[in-house]
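Visitor: A single structure is presented below for examination.
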There are 2 protein chains.
Amino acid sequence: MNKRVKAACELCCAVNNKGTDFPPVRLHNGGEYGYVGTHTVVELIEAGYIVVVMDNLANASMDSMRQVNEITGKQMPTFSMDMLDKDALRDLFKKHKILCVMHFAGLKTLGVSCNKPFLYYKTNIGGTISLLEVMKEFGVYNMIFSSSATVFGSPSYLPIDEKQPVEGCTNHYGNIKYFIEEIIKDICTAEKQWNVVLLRYFNPVGAHVSGKIGEDPQGVPNNLMPYVSQVAVGRLKELTVYGDDYDTPDGTGVRDYIYVVDLAQGHVAALKYLEKGCDCKMFNLGTGKSYCVIEMAKSIETASGKPVPYKIAGRCADDIVSRYADASLAEKELGWKANLDLAKMCEDLWCWQSNNPTGFSTES
Amino acid sequence: MNKRVKAACELCCAVNNKGTDFPPVRLHNGGEYGYVGTHTVVELIEAGYIVVVMDNLANASMDSMRQVNEITGKQMPTFSMDMLDKDALRDLFKKHKILCVMHFAGLKTLGVSCNKPFLYYKTNIGGTISLLEVMKEFGVYNMIFSSSATVFGSPSYLPIDEKQPVEGCTNHYGNIKYFIEEIIKDICTAEKQWNVVLLRYFNPVGAHVSGKIGEDPQGVPNNLMPYVSQVAVGRLKELTVYGDDYDTPDGTGVRDYIYVVDLAQGHVAALKYLEKGCDCKMFNLGTGKSYCVIEMAKSIETASGKPVPYKIAGRCADDIVSRYADASLAEKELGWKANLDLAKMCEDLWCWQSNNPTGFSTES
């Protein structure tokens, strides 16, 4: 533990609510919470950073971390702990000299967050405040936070640049990301020591080229691409497309799908940017390209050679028709842009899905 | 403790942050935090409700509660406790059968909230979640929450009705009120047992006609009318008016000043409304009338017979030029409207200020 630790990468933590009535939530084998985090750890190590990972005891995501160790050939210190447990956080900060915390932690699944607002507010907002407080105690004032394009709600114009107002989120998940952004901004305004980059992810897809790590959501996927690839691999019967009568090229919703490895490299670029001192800055991490739902399904058909049957259902209430990024600020300031194209994203996703038809789990 | 308790009125609580590094915050003798609360207790008792008060140990607001007991001739159960202390909350709910919680608690002072965001988020948001959780444990699903017209930020149209979007708050205080509103709305959406009324106060002014209770802010007042009356009584030298070149009748900012006793009666009306079952409803509590800064200063001059000298300074960044309510929904749904006029408000304010030149404190 004597080596200098340059970046702490926080994954999948803050899921137990200690001292509350909520039961521990089990994450499915490093599932969707570890998705961007694990890919970022790989890119950080490739860029020469030393990484410490924190995770919670309640989940089994060490499977995905073992895969990361295999890809990188490094064995990184891993803390099994809860973000709400300040003493455990203090222990981490005592043992390691941290340059920057990358905060990927929080509960995510949309349906569950709507049903359990207490749990989500306490874990995601309470956990973030707890983390920021301990960082401050140890004089660690650098953070990169995983925000989301959902903070923009229904965009007032397209493509979405960083000047777009962040308000009017149409769902609970977006609201919590928005609240955390505002809390962090307020703290940065009051306490000038902080340097924070808020990264608004558009729609991360794909998997590491090794096929060893990828997105592995708990239960039925909420996101399009894991759903589509689970249809292609035969785990799910068909895709349901909600609404095909929107004012878009094929009538279905439009999103900006970004390759998860590009997104991970965006974190490395943000870390380099932040090391120079930046106060609080926001960047939209997307490709600037937009694809409809059926185009995405067809791309997986092409990559996999498997059919992806789909049926059309009615529109979802509060669904956003189109959302894609103006990614030019990130290119200008961070020197970063998304490189990989849709076909390659889908190939890598298929490589992951077909190598791991049941995700990190060995169950059939 | 055997009598049926029909309403719990919560004042000035949640100021100690137990288990954190923040020092206890002392409230100045029941100061501004107890202002709307104490007046509401008086009106609830006059309307026949039984009231339990909770407050935190760290402040001296028992002075104002003694005055309330004197006005009403009732001695009400008072719990000295912290809203973040769930065990103490449980103790209250075990001892009393609560019909509805009126939640006035939270840190308020604007300048301090900008400087101490951790403290404010933990106390106001953390405290509210803690309170809601304990209410749920005890099957108490009725709440009236003290929100604020600041949730509207810079209004997109005037007067402000309940359809006005709540977003783009221009300050930290408004942001926290907005977050709490959203948290409560999410909880009401997820858990249908809840009945909550969110009352958006416009600018409460004046004091109880007895002259025994009134607004007594800590330090230099942030709000106009306590400032003006402290100038009239000789505690402060002169009023500073920020901006006299706005597009308003006299060039100064315009607000909707509501008599605090009218506002308190609005809570009683909301309680009666809520007893019938309402899910989550929002009401703007204002008069619908608008006054400029200098008009307000002149009204105190008239009421007091004392001069209120003022000087003009530059505009404040992010200040809202005009904000006043469309109060028709409250009249229609709650059967409530503000009655008292400006001259009488100022007379009662002056009665309080001249009887209590140093507020509840006996210091000179």
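Visitor: Check B:Glu331 against each of (1) closer than 26 Å to B:Asp250 by Cβ; (2) acidic (Asp, Glu); (3) without any contact (Cβ under 8 Å) to a residue 60 or more places away in the chain and name the one condition it does not meet.
Guide: Failing condition for B:Glu331: (1).
Visitor: Could you tell me which residue of the range B:61-93 is modelled with the lowest pLDDT, considering only residues that are buried (at least 17 other Cβ atoms within 10 Å of the Cβ) and part of a loop (DSSP other than H, G, I, E, B)?
Guide: The residue in question is B:Ser61.
Visitor: Any residue that is among the polar types (S, T, N, Q), modelled with pLDDT under 95, surrounded by fewer than 22 Cβ atoms within 10 Å (Cβ to Cβ) and within 22 Å of B:Phe283 (Cα to Cα) - is there at least one of those in the range B:324-335?
Guide: no
Visitor: Pull up the range B:195-225, narrow it to residues that are in a loop (DSSP other than H, G, I, E, B) and over 22 Å from B:Gly305 (Cα atoms), then point me to the one that is modelled with the highest pLDDT.
Guide: Residue satisfying both the conditions and the ranking: B:Phe202.
Visitor: Please go through the range B:274-288 and pick out each residue that is at pLDDT 95 or above and of a type outside the set (Gly, Ala, Ser).
Guide: Passing the criteria: B:Cys280, B:Lys281, B:Met282, B:Phe283, B:Asn284, B:Leu285, B:Thr287.
Visitor: Follow-up. Suppose the filter is crowded, with 24+ Cβ neighbours inside 10 Å and in a strand (DSSP E or B); does A:Val228 pass it?
Guide: No, not satisfied.
Visitor: Residues of the range A:114-148 being more than 10 Å from chain B (Cβ to nearest Cβ) and over 21 Å from the mean Cα position of the chain (by Cα), which ones?
Guide: A:Val134, A:Met135, A:Phe138, A:Gly139, A:Val140, A:Tyr141, listed by residue number.
Visitor: Take the residues in the range B:97-107 that are in a loop (DSSP other than H, G, I, E, B) and closer than 22 Å to B:His39 by Cβ; name whichever of them is modelled with the highest pLDDT.
Guide: Once the filter is applied, the top-ranked residue is B:Cys100.
Visitor: I've got another one for you. In the list B:Lys192, B:Lys185, which residue meets the criterion of being in a helix (DSSP H, G or I), within 14 Å of another protein chain (Cβ to nearest Cβ) and of a type in the set (Lys, Arg)?
Guide: B:Lys185
Visitor: Whether any residue in the range B:149-164 is more than 9 Å from chain A (Cβ to nearest Cβ), free of Cβ contacts under 8 Å to residues at least 12 places away in the same chain, more than 19 Å from B:Tyr257 (Cα to Cα) and over 18 Å from the mean Cα position of the chain (by Cα) is what I want to check.
Guide: yes
Visitor: Just a yes or no: is a residue in the range B:98-113 surrounded by 21 or more Cβ atoms within 10 Å (Cβ to Cβ) and at the interface with chain A (Cβ under 10 Å from one of its Cβ atoms)?
Guide: Yes.
Visitor: Please find, within the range A:231-248, the residue that is surrounded by the most Cβ atoms within 10 Å (Cβ to Cβ) out of those that are in a strand (DSSP E or B) and out of contact with any Ser or Thr (no Cβ under 8 Å at 6 or more places or on another chain).
Guide: Out of the qualifying residues, it is A:Leu239.
Visitor: Could you list all residues from the range A:256-288 that are under 25 Å from A:Ile213 (Cα atoms) and among the hydrophobic types (A, V, I, L, M, F, W, C)?
Guide: A:Ile258, A:Val260, A:Val261, A:Leu263, A:Ala264, A:Val268, A:Ala269, A:Ala270, A:Leu271, A:Leu285
Visitor: Out of (1) at negative phi; (2) surrounded by fewer than 23 Cβ atoms within 10 Å (Cβ to Cβ), what's the single condition that is false for A:Gly288?
Guide: Answer for A:Gly288: the failing condition is (1).
Visitor: To continue, here is another question. A:Gly126 passes all but one of (1) touching a strand residue (DSSP E or B) at 6+ places or on another chain (Cβ under 9 Å); (2) within 23 Å of B:Lys122 (Cβ to Cβ); (3) among the small types (Gly, Ala, Ser); which number fails?
Guide: Answer for A:Gly126: the failing condition is (1).
Visitor: Which of the residues belonging to the range B:291-316 are aromatic (Phe, Trp, Tyr) and either at positive phi or surrounded by fewer than 22 Cβ atoms within 10 Å (Cβ to Cβ) (or both)?
Guide: B:Tyr310
Visitor: What residue, among those in the range B:168-182 that are more than 10 Å from chain A (Cβ to nearest Cβ) and in a helix (DSSP H, G or I), is farthest from B:Ser147 (Cα to Cα)?
Guide: If we take residues in the range B:168-182 being more than 10 Å from chain A (Cβ to nearest Cβ) and in a helix (DSSP H, G or I), then B:Tyr173 is farthest from B:Ser147 (Cα to Cα).
The values are calculated or read from the model by the stated rules, or taken from the named source; none is laboratory data. Computed from a predicted structure; not experimentally measured. Neighbour counts run over all protein chains shown; Cβ positions are idealised from the backbone, glycine included.
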